[in-house]
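Before any comments, here is the structure.
The values are calculated or read from the model by the stated rules, or taken from the named source; none is laboratory data. None of these values were measured; they are calculated from a predicted model. Note that we place each Cβ from the backbone using ideal geometry, even for glycine, and neighbour counts take in every protein chain shown.
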């Protein structure tokens, strides 16, 4: 349940309190994902009330984002990456429905063959000389972001017998508060690999579909690119934007 | 009360290095800034092994205890080259380093909180980040009065939140699990 929607410092500064959304997230200890075994704390987490440090975050400007950083198909001289060209776009909002404007969105992904441009990824799928697989964008005034890329491939890993990761794009978001920081993965609709994927299965069942983009025919660009829409929701303050103080008082009665 | 259900967290995975590090990430303040200190440390797992594929992020107030952010109505004074945010992947020895300015005391619900830095750790094998706080060893009186430190009852556990000193700043080792396990917070 959300905590109290308002708190003040001893000196009277208003400090918003962000909702706690434990029922959305995977546990740190998840035996199906082997690597969690030695990397989860055993001591219960200590509750941290939200103070000014937790309700603020870096205001990162457009200086962090180059002109072509949102377009993963145009980052190399001399050619374009292999694969199905797609756009991935959506709106970043908080759980109160407020758009999250001017916030940095970072993405990274495997190429169309399912291989990352990383020294640790050695499985026998080809690298693509024209694909790095890294993008950055800022949300606009209404919280919208847009990337151009190629659809990533699935790839094998060693977690369990015949383990394959469903195709996904890694997303990293800052939001406007330390409490809103989120790193996650976007999946594609109807992936047949979900059933055996511990990352997918670690998330409470009712929350899993929130990680899946929808095919967006309306945003498809004719003779150019298919489109997927993925809206992202960060923690809010437990108050709807139009809720007046009087309405809150009535709710309390 | 939440109208829209939130998006779940997922691990950064083993290939975070292609997407997340910034060339200037470790510099929460520009190199050469008077008073800048290094915060260095290692990340270790439950077997005591160094974690070479983690990412450490820091967020903090400026030396006056203020934030350059709309939710701090006091506003921030100007500290040229100070970003307040640091980000550093661990290297092959499981080590990270962030150059920053020591924060000031931050207003809390019942008076000032001791100077502190919020620290996030991301890694393969972690489906969600973990969050801890770094406090400063020379702030004994302020630390003794800090409500967050006081909420950790076990003194041995509480001690994991206080950095050590180093010739060029501070040392803050993070133990994800096991002996000397760092205190992590539910934020």
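Screening the range B:154-187 for residues that are more than 9 Å from chain A (Cβ to nearest Cβ) and assigned to a helix (DSSP H, G or I) and picking the one that is surrounded by the fewest Cβ atoms within 10 Å (Cβ to Cβ) gives B:155.
Within the range B:101-121, the set of residues being more than 9 Å from every other protein chain (Cβ to nearest Cβ), crowded, with 19+ Cβ neighbours inside 10 Å and within 22 Å of residue B:36 (Cβ to Cβ) comprises B:101, B:102, B:114, B:115, B:119.
Scanning the range B:20-61 for residues that are over 26 Å from residue A:106 (Cα atoms) and either facing chain A (nearest Cβ under 8 Å) or part of a loop (DSSP other than H, G, I, E, B) (or both) returns B:32, B:33, B:34, B:35, B:36, B:45, B:46, B:47, B:48, B:49.
Could you tell me whether any residue of the range B:72-87 is surrounded by 22 or more Cβ atoms within 10 Å (Cβ to Cβ), more than 8 Å from chain A (Cβ to nearest Cβ), closer than 25 Å to residue B:184 by Cα and touching a residue at least 60 places away in the same chain (Cβ under 8 Å)? Yes. Does residue B:151 satisfy being at pLDDT 95 or above and within 11 Å of chain A (Cβ to nearest Cβ)? Spelling it out, residue B:151 is indeed at pLDDT 95 or above and within 11 Å of chain A (Cβ to nearest Cβ). Counting the residues of the range A:186-231 that are more than 21 Å from residue A:164 (Cα to Cα), out of contact with any helix residue (DSSP H, G or I) (no Cβ under 7 Å at 6 or more places or on another chain) and either assigned to a strand (DSSP E or B) or within 11 Å of chain B (Cβ to nearest Cβ) (or both) gives 9. Give the range A:188-205 a look and list any residue that's free of Cβ contacts under 8 Å to residues at least 40 places away in the same chain and over 14 Å from residue A:155 (Cβ atoms), or say none. If the condition is that a residue be free of Cβ contacts under 8 Å to residues at least 40 places away in the same chain and over 14 Å from residue A:155 (Cβ atoms), then A:189, A:190, A:192, A:194, A:195, A:200, A:205 are the ones that fit. Meeting the requirement of 2 or more residues that are farther than 23 Å from residue B:24 by Cβ, in contact (Cβ under 8 Å) with a residue 12 or more places away in the chain and more than 11 Å from every other protein chain (Cβ to nearest Cβ), the strands (runs of 3 or more DSSP E) wholly within the range A:64-149 are A:85-94.
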